[in-house]
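Since the structure comes first, as structure tokens, the remarks are kept for the end.
The values are calculated or read from the model by the stated rules, or taken from the named source; none is laboratory data. Quick caveat, the model's predicted, so the values are computed rather than measured. Methodologically, a virtual Cβ is constructed for each residue, glycine included, from the backbone with ideal geometry; neighbour enumeration extends over all protein chains shown.
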DNA sequence: CTTACGGCCTGGGTGC
DNA sequence: TGCACCCAGGCCGTAA
């Protein structure tokens, strides 16, 4: 489940090998996760990759077609839950569920593998910043503490839902939401507006520390995630609550609990992260 | 407008 | 060996 640290790791890996390369061939398998497969087949061959960027959980390959007038566009890729984007030698065995092959001008190949095909791929025109990208919130590693606290204070939704909402902050998923809340000692069901300034500052710090630590360890490999070279991440060994139901809290020893918040399984320590007081509903 | 929730997509893992 | 079921993240429709 690639979230910000995993996508950032992949982006850095690809940034080391892709810029300046030209795509010389495209081969597609199943295409139901691609916006317009015919357009990809038509426009990518001959395009030069100028840059690799991350936007929340999205990857962007900035392209330049040199058919006369400079035509700039970007290939937008979301890895969903199980997407992998790797470079390899074309002679290497092809993993199951590999559906996109981009042949590169240096003889290597960029492959997209996705067991579930919950990912997404599409071509973005320079100007047509599409809704899915423009409506995203700020990057949690770029936002200031004041911006962060103001954002959360203004909302009555549960803090876990706010952290997961890509229109509030972009890039945080279930793993890093749970890990951040544990570090900040805040229960996932607390309401944003009811958190104290002190708690929000702690959470701001926790989110950034968790994400930066995870990037340093090249992401969390739970089921499918590997980086652009096929290597596993290391942050799963640092998880303090995620998928640790029933195990001892690293801070206080209490058994980690599990509940559903915002439709997602959420792990927390019942002692370190006290539940919000139940408020009587008005009729 | 904000929030909560259920359903949908797919297929590997689990449990019987 | 089979098979029903659960679950993951993002998104969308609906209801309050």
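The table below gives the values:
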{"read-out": "Among (1) more than 23 Å from residue A:9 (Cβ to Cβ); (2) surrounded by 15 or more Cβ atoms within 10 Å (Cβ to Cβ) - the single one residue A:248 does not satisfy", "value": "(2)"}
{"read-out": "Condition check for residue A:116: closer than 27 Å to residue A:258 by Cβ, within 16 Å of DNA strand B (Cβ to nearest atom) and touching a helix residue (DSSP H, G or I) at 6+ places or on another chain (Cβ under 6 Å)", "value": "no"}
{"read-out": "Qualifying residue in the stretch A:36-46 (condition: more than 22 Å from residue A:13 (Cβ to Cβ) and within 16 Å of DNA strand B (Cβ to nearest atom))", "value": "yes"}
{"read-out": "Residue within the stretch A:137-147 that is more than 22 Å from residue A:235 (Cα to Cα) and within 16 Å of DNA strand C (Cβ to nearest atom) present", "value": "yes"}
{"read-out": "Flag for residue A:220 being buried (at least 19 other Cβ atoms within 10 Å of the Cβ) and at negative phi", "value": "yes"}
{"read-out": "Residues within the stretch A:208-221 that are over 14 Å from the mean Cα position of the chain (by Cα) and within 16 Å of DNA strand C (Cβ to nearest atom), tallied", "value": "0"}
{"read-out": "Among (1) under 24 Å from residue A:222 (Cβ atoms); (2) in contact with a helix residue (DSSP H, G or I) (Cβ under 9 Å, 6 or more places away or on another chain), the one test that residue A:93 misses", "value": "(2)"}
{"read-out": "Yes/no for residue A:215 being surrounded by 15 or more Cβ atoms within 10 Å (Cβ to Cβ), within 30 Å of residue A:88 (Cα to Cα) and touching a helix residue (DSSP H, G or I) at 6+ places or on another chain (Cβ under 9 Å)", "value": "yes"}
{"read-out": "Extreme residue, farthest from DNA strand C (Cβ to nearest atom), among residues of the stretch A:244-273 that are closer than 22 Å to residue A:1 by Cα and touching a residue at least 24 places away in the same chain (Cβ under 8 Å)", "value": "A:268"}
{"read-out": "Filter result for the condition that a residue is more than 16 Å from residue A:180 (Cα to Cα) and touching a strand residue (DSSP E or B) at 6+ places or on another chain (Cβ under 6 Å), over A:263, A:230, A:253", "value": "A:230"}
{"read-out": "Filtered residues of the stretch A:79-92 (kept if surrounded by fewer than 19 Cβ atoms within 10 Å (Cβ to Cβ) and at pLDDT 90 or above)", "value": "A:88, A:89, A:90, A:91, A:92"}
{"read-out": "Selection within the stretch A:158-170 - more than 8 Å from DNA strand C (Cβ to nearest atom), in contact with a helix residue (DSSP H, G or I) (Cβ under 6 Å, 6 or more places away or on another chain) and touching a residue at least 60 places away in the same chain (Cβ under 8 Å)", "value": "A:160"}
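Here's the yes/no breakdown for (1) part of a loop (DSSP other than H, G, I, E, B); (2) at pLDDT 90 or above:
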residue: A:141; (1), (2): yes, yes
residue: A:146; (1), (2): no, yes
residue: A:151; (1), (2): no, yes
residue: A:155; (1), (2): yes, yes
residue: A:162; (1), (2): no, yes
residue: A:175; (1), (2): no, no
residue: A:179; (1), (2): no, yes
residue: A:182; (1), (2): no, yes
